[in-house]
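This report concerns only the one structure given below.
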Amino acid sequence: YKQNCSENSFLVEKALSQHYFFEFLQILMDQILPFVGLSAIFICLKEHFSIDSISKLASKPVKPSIVKGRKIANIIKNYIKSEVQMLESPPVFGAILVGDKENDALYINFKKKACEDTGIVFQLYKFPESISQSQLLEEIETIVLSEEVDGLFVQFPLPDHISQLSVLQSIPIEIDVDGFYYPSCSVFKESNFSSSIPCMAQACLEIIDFYNVEVFQKRCLVVGDNPNSEYASILLLKRHATVTMVDGTCPDLEALSISSDVIITVANIPNLVSILKTTSDHR
């Protein structure tokens, strides 16, 4: 049990919230029971969980707080690393970079480090800003057909003369790392999420789930005017939240934040939530 939990710290951390308790219990029964026996399972559960502790966790008052994803990201990285180590060979992620913008290079380095931290092989495909749209699409097709990468993503934004939508649609959904395959948010809204979900929106929901934040019939404010904010809003609506989406320049932003239970910002405005007024029930 201890060995399994040390190798799957992501699952153990998530089990500390009520939302994931039964998921964790199922993992214990399916993956560990055959090796240690039922009595050992009960001993472990008794040591780490109790009905009282679960009830207290669910009813514990929540103070207003800003939730950040770094802790969760590190837990997920450790979990992914343990999964990658069990593969015969590590997966290869390809990154397409067009131009030499400093910000783009910074984001690429972040993604490269994330791959290195988890044991994933990172492959950069760099092209000059002057590359034409047709040439870039041909290069992407060559990469896809070569089957030398297991995942592929493009660093946005692209130069003005290249259609972002055309580039997105050139990447097969099976290897679309960012989950931006959907040609529009309306198509994504009608999907059953059987394929990849845009990673930024999924990350927002992962943070909400990790901290056991209930969004059912809650007032959720999403700040941002971009596909990421739209995808996040759709996922919240799927959970029957009441969602308001505005951009970072909305004149009523402060008033809206006061009446909101949950605020998600994808507006690229530093410290935006810190300067907003929130209610005592705000998470």
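Please treat every number below as a calculation from the coordinates, not as lab data. If you're wondering where the values come from, they're calculated on a predicted model, not measured in any experiment. Every residue, glycine as well, gets a Cβ built from its backbone with ideal geometry; the counts of neighbours run over all protein chains shown.
General observations
- Computed FRET value (nearest 0.05) for PHE216 with GLN164, which takes r as the C-beta separation and R₀ as 35 Å: 0.55
- Peptides ranked, highest mean first, by Cβ atoms within 10 Å: ranges 82-92, 237-247: 237-247, 82-92
- The peptide list 126-133, 254-261, put in order of mean Cβ contacts within 10 Å with the highest first, becomes 254-261, 126-133.
- For region 216-276 versus region 140-173, the spacing of their alpha-carbon centroids is 29 Å.
- Violating pairs (Cα-Cα greater than 19 angstrom) within the set LYS77/LYS238; LYS81/LYS238; LYS81/LYS101; LYS71/LYS101; LYS81/LYS113; LYS81/LYS111: LYS77/LYS238; LYS81/LYS238; LYS81/LYS101; LYS71/LYS101
- Near the amide H of VAL222, within less than 5 Å, lie the amide hydrogens of THR244, MET245, VAL246, ILE264, all on another chain or at least 5 residues away, with H placed in the peptide plane.
- Net charge over other residues, Cβ less than 12 angstrom from the Cβ of VAL98 (K, R count +1; D, E count -1): -3
- Projected onto planes of every orientation and averaged, the convex hull of the alpha-carbon atoms in region 111-168 covers 4.3 nm².
- Between GLU102 and SER82, the modelled label-to-label distance comes to 4.1 nm, taking each label 7 Å out from Cα in the direction of the beta carbon.
- Calculated on the alpha-carbon coordinates, the convex hull of region 75-124 measures out at 58 cubic angstrom per residue.
- Computed from phi, the 3J(HN,Hα) profile of region 100-111 under the Karplus parametrisation 6.51, -1.76, 1.60 (θ = phi - 60°) reads 10, 5, 4, 5, 4, 5, 5, 5, 4, 5, 4, 5 Hz, with x in place of Gly and Pro.
- Computed lengthening from ARG239 to SER132, 0.36 nm per intervening residue step minus Cα-Cα distance: 34.3 nm
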